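Student: Here you go, one structure.
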Amino acid sequence: MSKTLENIEAAKLEWDEQGQPFSTLFNDVYFSKASGLEESRYVFLQANNLQERFSLLGEYQHFVIAETGFGTGLNFLAAWQLFSQSAPANAHLHFISTELHPLKIADLQRALALWPELSALSSQLIDSYPMPTPGMHFRNFESGRIHLSLLLGDANVLLPQVLDSDHPAITHTESRAVDAWFLDGFAPAKNPALWSEQLLQTLGRLSRIGTTAATFTAAGDVKRALQSVGFSVKKITGFGKKRDMITAVKTESNHIPYKGDTEQEKTDPRHSAHDTPWHLSSKTDKKPEHVVIIGSGIAACTTARTLANKGIKVTVIDKNPAAARGASGNPQAVLYSKISTNDGYLSRFVLASYPYALHYYQQLQREYPDLVFHPCGVMQLAVNEKTEKQQGTLCDYFNQIDNALPCFLNTEQATDIANLPIKHAALFFEKAGWLNPENVC
Ligand SMILES: C[S@@+](CC[C@H](N)C(=O)[O-])C[C@H]1O[C@@H](n2cnc3c(N)ncnc32)[C@H](O)[C@@H]1O
């Protein structure tokens, strides 16, 4: 029997009298009551010396931050803001964060409303917040200058997957490692799983000499675990009422045992567990200088744009006199995806890629207002009983994770929204829409 779609438990919050979130699952605060934003700047940005490090980046250089608990995204937004203020215009920030219990969208909006000075950035995060389905969700902002990899699930499972994969955050950097760590997973006493020895070993493997780490805690176990993976650890004054906190820098390239442990892995501990050909190239290849793309449909043009944003010269060749004259020649392309009710690689891919596509076109529309992406909403009609049943199952799934997700409409609701007589029930994707591929190209 096929497996049903895997679920993820959302964060459970209470709000204090100042309107700040508190986790009832972990019985702990998301950030300091004194000021979450100032805490984030002091504990994570300043203690990792990010302003200076961002300002010293070269053209098209990538800086990678990895975080253990995304929570409200406050650290991400504070880092994004600082990067925009301090890094050269063509440098890239890649922010990887893990989250076991993502906030529901309404909670995220409420939490981020606490920081009006970040509103220009937080509105973009809110608009593109992924459907909280397990796995990796990628989002680009500012034409790909800011890249967020939000890994939904247990950090103990997902960070080793970054290590095993050719994750772009790692393969894009010359050192192929994280540059700075934000260890922000509730107090170790309240959430020991996020400070496990195994996780800190993964952290060690994803680091290089010079990688830094910072955390609000000064717990002895954390200090010793960081030391055991080659970090020199310093206690400094903590934020607000906290007496101390930890900063660390990797100074020793001690070998951390891993999997097969061949000779090759000893010199490059982040070996790949994969032997599929598409995993081989980026391990050894340098960034290409010039790429030729044959064809100029929507896939070709999107690839060309992405490469150009990374500073790679691109030549597009097509037999037609203009772009998008072949299979992408339809003047009205609807963003549409059929989501299966069964778990499997394809459904996981669709659940991550469909919202990614919506986010991608929303971002493009911000940059090129003439592009005209029409987010009029898309209905998938339940034209027979089988489809209606499948859509009901999908809707129950979405409702369990966040009731702000795609919803099931009866015929009257569908008729009302479409302003046309609709004879079928429907699954409604409110943020979806259509565009003309030629405009995108
Ligand atoms: C202190 S909060 C993080 C605050 C956050 N950095 C922010 O800017 O709002 C800790 C986060 O770690 C998450 N978390 C707890 N255990 C986890 C695990 N095993 N894997 C991934 N995330 C986890 C919690 O759900 C919570 O959102």
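The values are calculated or read from the model by the stated rules, or taken from the named source; none is laboratory data. Because the structure is predicted, anything quoted here is derived from the model rather than measured. Note that we place each Cβ from the backbone using ideal geometry, even for glycine, and neighbour counts take in every protein chain shown. Note: areas computed on protein heavy atoms with side chains; ligands, DNA, RNA excluded. Shrake-Rupley method; radii C 1.70, N 1.55, O 1.52, S 1.80 Å.
Student: So which chymotrypsin sites (Phe, Trp or Tyr not before Pro) in segment 335-376 end up in coil per DSSP with only 14 or fewer other C-beta atoms within 10 Å? Provide the component values of the computation, followed by the final result.
Tutor: Working: sites: Y336, Y345, F349, Y356, Y360, Y361, F373; in loops: Y336, F373.
Those that pass, being in a loop and sparsely packed, are Y336.
Student: Starting from the Cα of D127, step 7 Å along the direction of its Cβ; do the same at C376; then give the gap between the two resulting points in nm.
Tutor: Label-label distance for D127 and C376, simple model: 2.0 nm.
Student: From the protein chains alone at 1.4 Å, what is the descending order of accessible area for W181, W195, largest first?
Tutor: Of W181, W195, the descending order of accessible area is W195, W181.
Student: Still on this structure, I have one more. Which of the three applies to segment 331-440, rounded, prolate or oblate, going by the alpha-carbon gyration tensor with a ≥ b ≥ c and a/c under 1.5 meaning rounded?
Tutor: Working: a/c = 2.06, a/b = 1.34, b/c = 1.53.
In terms of gyration-tensor shape, oblate.
Student: With each label point set 7 Å from Cα along the Cα-Cβ vector, what nm distance links A120 and N320?
Tutor: 3.8
Student: Ok, one more. Loop by DSSP (not H, G, I, E, B), at most 13 other beta-carbon atoms within 10 Å: where is the longest site-free stretch of the chain for GluC sites (Glu not before Pro)?
Tutor: Details: sites that count: E9, E17, E59, E174, E252, E289.
After excluding every exposed loop site, the longest remaining stretch is 290-441.
Student: Another question about this same structure. Could you tell me how many degrees, from 0 to 90 and to the nearest 10, lie between the Cα long axis of helix 298-309 and the main elongation axis, the longest principal axis, of the Cα atoms of the chain?
Tutor: Approximately 30 degrees, to the nearest 10.
Student: Shifting gears a bit: If the limit is 27 Å between Cα atoms, which of K104/K235; K389/K431; K190/K241; K104/K287 go over it? Show your work: numbers first, answer last.
Tutor: Values: K104/K235 35 Å; K389/K431 23 Å; K190/K241 18 Å; K104/K287 38 Å.
Over 27 Å apart, Cα to Cα: K104/K235; K104/K287.
Student: A follow-up question, please. So what is the accessible area of the chain per residue, in Å², with the probe set to 1.4 Å? All intermediate terms of the calculation are to be shown ahead of the outcome.
Tutor: Values: 21310 Å² over 441 residues.
Using a 1.4 Å probe on heavy atoms only, each residue of the chain averages 48 Å².
Student: Further, regarding this structure: So if each residue of separation counts as 0.36 nm, and I subtract the Cα-Cα distance between K3 and T306, what length gain in nm does that give?
Tutor: On the way: separation 303, 0.36 × 303 = 109.08 nm, distance 3.54 nm.
Gain in length upon complete extension: 105.5 nm.
Student: Restricting attention to segment 1-85, which trypsin sites (Lys or Arg not before Pro) occupy a DSSP loop and are surrounded by at most 14 other Cβ atoms within 10 Å?
Tutor: Working: sites: K3, K12, K33, R41, R53; in loops: K3, K12, K33.
Those that pass, being in a loop and sparsely packed, are K3, K12, K33.
Student: Nearest 0.05, what FRET efficiency do E252 and K389 give at R0 = 51 Å with Cβ-Cβ as r?
Tutor: Working: r = 59 Å, r/R0 = 1.15.
It comes out at approximately 0.30.
Student: Can you pull the percent of segment 288-329's accessible area that's carbon plus sulfur, 1.4 Å probe, other chains left in place?
Tutor: Values: 1480 of 2500 Å².
Using a 1.4 Å probe with all protein chains present, segment 288-329 comes out at 59 percent carbon and sulfur.
Student: Here's a follow-up. Please list the non-local residues whose amide H lies under 5 Å from the amide H of E67, H modeled 1.01 Å from N, same-chain partners needing a gap of 5 or more.
Tutor: I96, S97, T98, F182
Student: On C-alpha positions alone, give me the angle between the axis of helix 155-164 and the longest principal axis of the chain, in degrees, nearest 10.
Tutor: For helix 155-164, the angle is close to 80 degrees.
Student: Follow-up. Scale the Cα Rg of segment 288-329 by the rule-of-thumb value 2.2 N^0.38 Å and send over the ratio, two decimals. Don't skip to the end; give the middle numbers.
Tutor: Numbers: Rg = 10.2 Å, N = 42, 2.2 N^0.38 = 9.1 Å.
Here the answer is 1.12, to two decimals.
Student: Sticking with this one: Reachable aspartates and glutamates from K242, Cα under 13 Å, same-chain residues fewer than 8 places away excluded?
Tutor: List returned: E39.
Student: A further question follows. Between R208 and Q109, what is 0.36 nm times their sequence separation minus the Cα-Cα distance? Round to one decimal in nm. Please report the intermediate quantities before stating the final value.
Tutor: Numbers: separation 99, 0.36 × 99 = 35.64 nm, distance 3.60 nm.
Result: 32.0 nm gained on full extension.
Student: Ordered by residue, what ³J(HN,Hα) values in Hz, to whole numbers, does segment 313-325 give under the Karplus form 6.51 cos²θ - 1.76 cosθ + 1.60, where θ = phi - 60° and Gly and Pro are x?
Tutor: 6, 10, 10, 10, 10, 9, 6, 7, x, 9, 6, 6, 10
Student: Would you calculate a helix-derived [θ] at 222 nm for the chain, using -39,500 (n - 2.57) for each DSSP H run of n ≥ 4 and dividing by the full residue count, to the nearest 500? Provide the component values of the computation, followed by the final result.
Tutor: Details: 16 runs with 145 residues, N = 441.
Result for the chain, helices only: -9500 deg cm²/dmol.
Student: Using the Cβ atoms and a cut-off under 15 Å, what net charge is assigned to the surroundings of M379, where Lys and Arg are +1 and Asp and Glu are -1?
Tutor: Values: positive: K338, K423, K431; negative: E388, E412, D416, E430.
That sum, taken over residues with Cβ under 15 Å, equals -1.
Student: Determine the gain in length on full extension of the stretch I294-N419; use 0.36 nm per residue of separation and subtract their C-alpha separation, reporting nm with one decimal.
Tutor: 40.7 nm
Student: For D343, what residues show an amide H to amide H distance below 5 Å, using hydrogens built from the backbone and excluding near sequence neighbours?
Tutor: Those lying under 5 Å, H to H, from D343 are K3, T4, L5.
Student: I would also like to ask the following. For each cysteine in the chain, check whether another cysteine's C-beta sits under 4.7 Å from its C-beta; list those where none does.
Tutor: Those would be C376, C395, C407, since no other cysteine Cβ in the chain comes under 4.7 Å of theirs.
Student: Follow-up question, since we're still on this one. Compute the Rg/Rh shape ratio of the chain: radius of gyration over Kirkwood radius, all on alpha-carbon atoms.
Tutor: Values: Rg = 22.9 Å, Rh = 23.5 Å.
With Rh from the inverse mean 1/r over Cα pairs, Rg/Rh is 0.97.
Student: Scan around V316 for amide H atoms under 5 Å from its own, H built in the peptide plane at 1.01 Å from N, and keep only partners 5 or more places away or cross-chain.
Tutor: Here I293 satisfy the definition.
Student: At F22 and E430, where each label point lies 7 Å from the Cα along Cα→Cβ, what is the point-to-point distance in nanometres?
Tutor: Result for the modelled spin labels: 3.0 nm.
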